[in-house]
Every structure is written in C-alpha cells, then in structure tokens.
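Written below as structure tokens is the structure these notes are about.
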Amino acid sequence: MKIIKESDNRYKYLSKLFSYKYSSMYKYFPGYTGPCIFIPFELVLSEYETCDGSTKVSFNKLEDYYNWVSCKSIKRILDITCRLTVQELFDLTVLHINDIDDRPKCPICGTSLDWRYGFISGYGSADPWNSHEQKCCSISCANSLVLSNLDKYPIKSRSQQKFYDSQWTPIALTKRMMNTFISLGDPTDEIFFYVTYTKSGYFKFGITKDLGDRIHIDRGDYIHPRIIKTLDRISAAYLEASIKLEFNGEEYLSPTETSKFFKIFKSKITKPIVNPF
Ligand SMILES: [Zn+2]
C-alpha cells in the first residue's frame with residue numbers, strides 16, 4: 001500500500017522527500033528534553049498555530065525554528081498538519097520508500113521489523129537508526145546472520161537478490177531513488193547535475209530540474225551551488241546513482257572527498273552513461 005498515493009498532490013514531491021536524510025531530520029534545541037523532528041514543507045497540508053497564535057508548522061517558512069516539532073508533540077501535530085504517522089514520516093524521509101510493503105524485514109526469516117521506538121531509533125531496536133547496519137527481528141536471527149555471513153558476502157541467488165532489493169541497504173535505496181526520479185518526469189527533461197558545499201559542513205552532489213527550488217527545500221543549507229553538467233532525465237539519474245554507489249549510497253560527502261568525487265565524475269562522463277543496476 002502506498003503512503004502518498006498518486007492522486008495526492010504531494011506525490012510530485014516524492015523525489016524531494018527522498019532527498020532528505022536521517023541526520024537532517026532531527027535536532028536538539030535548548031529548553032527541550034528530547035530531540036525535535038523536522039516536518040518537510042512538501043508534506044504540509046494545513047498550517048499549525050500554537051496557542052499564542054504564532055504559526056509553527058507552515059508550507060514555506062524558512063526560519064530555523066519553523067517546522068521543528070518536539071518529539072512529544074510530533075505524533076499529534078504530524079497528524080493535524082500532514083495526515084501522516086511518525087512511522088510514515090520515517091519511511092518517506094529516512095528509508096525513502098513510499099510503499100509499506102518495502103518496510104524493513106529481518107534478513108533471515110523475513111519478519112517485518114518492529115516499529116515502536118520512535119523516529120530516532122526507527123525500526124527493529126531502540127538503538128539510533130543506522131542505515132548501514134542490518135537489524136534482525138530477534139537475537140536468534142541476529143546470531144544466524146553472523147553465522148551465515150550474509151551481511152559480508154555478495155548475495156548470489158535471484159530470490160535472495162530480490163529480497164535484498166526490497167530492503168533499505170544503501171544499494172537498494174540508491175536504486176529506488178533512481179527509479180523514482182526517472183518516473184517523476186519526462187525522459188527528455190533537462191536536468192542539472194550540481195555540486196555544493198552545505199552550511200552543515202558537507203560537500204553535496206545531486207540532480208534537479210530546478211536548482212532554485214532545490215535550494216528552497218533544503219532550507220538555505222546550500223552555499224554557492226554550481227551546475228557541472230546538464231543532461232536528460234534518464235542519463236542524469238543513471239549518472240547520479242552510479243556515483244552514489246562509489247560512496248556507499250551517500251550524496252553528502254566529507255569535504256576531503258571532493259577530489260575523489262571529481263575524479264569519479266570525470267571518468268563517468270567520458271564514457272557512455274548506462275544504468276548501474
Ligand atoms: Zn528474523
């Protein structure tokens with residue numbers, strides 16, 4: 001079942017929602033006991049005002065404190081403003097999935113992982129979420145995973161590959177985001193491949209149809225974004241995904257990886273751009 005249905009106006013923002021990352025979705029503010037969670041502008045259906053009449057959750061306000069909601073009220077305010085659950089927010093912005101069938105499953109027995117620890121922990125256990133770590137449904141499955149070494153060695157059989165494709169591994173996510181980007185427009189669209197430094201201290205690369213729009217949704221986090229190539233939609237999606245795979249699915253890199261990025265980028269664009277999957 002889809003979380004954001006095709007008939008929903010927000011469906012066209014899926015690729016933007018998929019570009020959020022876990023670490024940019026929560027923040028600790030002075031005076032709050034727990035973290036605050038960010039509600040992306042693209043999801044807001046109705047604005048929310050606090051009891052003193054000030055707007056708290058909005059469609060487009062860019063100030064730092066807008067759309068950040070304490071973890072105590074996130075469930076209620078997310079329901080009022082977006083008609084979504086915290087779990088669905090996590091699916092869209094951290095796992096980058098829009099189908100509840102794609103939710104994380106135990107890699108050993110296939111049981112769906114528990115959702116009961118809140119946004120910071122995500123699925124499976126109370127530890128903070130880590131997309132590079134395979135969580136299991138139980139201690140016995142976790143032991144089997146270690147014994148089978150499934151997490152360390154390449155998957156051979158097709159059925160296992162199919163199963164892994166539905167998971168949240170960096171490779172599966174990269175593939176899903178690539179296919180979503182392709183499906184959200186016309187193959188002949190003119191797409192910009194850009195790089196930028198961010199105020200949060202990263203070197204970031206990405207693709208977009210409208211760079212002005214991208215800067216807007218990233219809450220002004222970009223410092224001097226620069227277009228380094230213009231391509232059609234499909235080539236842009238293939239190129240971005242193939243570079244992400246070189247960085248374990250990441251598009252936010254350490255500034256020390258900048259030269260590695262440009263080396264890879266140059267080698268990719270001097271050859272025909274193909275589907276990396
Ligand atoms: Zn299991």
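The values are calculated or read from the model by the stated rules, or taken from the named source; none is laboratory data. In this text the structure is predicted, and so the values were computed from the model without any measurement. Neighbour counts are summed over all protein chains in view; Cβ atoms, including those assigned to glycine, are modelled from backbone coordinates with ideal geometry.
Couple of notes before you dig in:
- One residue stands out in segment 124-140 among those that are surrounded by 12 or more Cβ atoms within 10 Å (Cβ to Cβ), within 13 Å of the ligand (Cβ to nearest atom) and among the hydrophobic types (A, V, I, L, M, F, W, C): the one that is nearest to Met177 (Cα to Cα), namely Cys136.
- Of everything in segment 97-123 that is in a loop (DSSP other than H, G, I, E, B) and within 10 Å of the ligand (Cβ to nearest atom), the residue that is surrounded by the most Cβ atoms within 10 Å (Cβ to Cβ) is Pro107.
- Any hit, segment 74-94, residues being free of Cβ contacts under 8 Å to residues at least 12 places away in the same chain, surrounded by fewer than 17 Cβ atoms within 10 Å (Cβ to Cβ) and in a strand (DSSP E or B): no
Per-residue answers, yes or no, for (1) more than 17 Å from Ile191 (Cα to Cα); (2) in a helix (DSSP H, G or I); (3) free of Cβ contacts under 8 Å to residues at least 12 places away in the same chain; (4) assigned by TED's automatic domain parsing to the domain that holds Ile182:
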site	(1), (2), (3), (4)
Leu231	no, no, no, yes
Tyr238	no, yes, no, yes
Ser242	no, yes, no, yes
Glu250	yes, no, no, yes
Ser259	yes, yes, yes, yes
Phe262	yes, yes, yes, yes
Phe265	no, yes, no, yes
Pro276	yes, no, no, no
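- Subset of segment 16-47 (residues that are part of a helix (DSSP H, G or I) and closer than 20 Å to Arg103 by Cβ): Leu17, Tyr22, Leu43
- Checking each residue in segment 3-15 for being assigned to a helix (DSSP H, G or I) and buried (at least 18 other Cβ atoms within 10 Å of the Cβ) picks out Arg10, Tyr13, Leu14, Ser15.
- Selection from segment 171-190 of residues that are closer than 14 Å to Tyr11 by Cα and either outside any helix (DSSP H, G or I) or over 17 Å from the mean Cα position of the chain (by Cα) (or both): Leu184, Gly185
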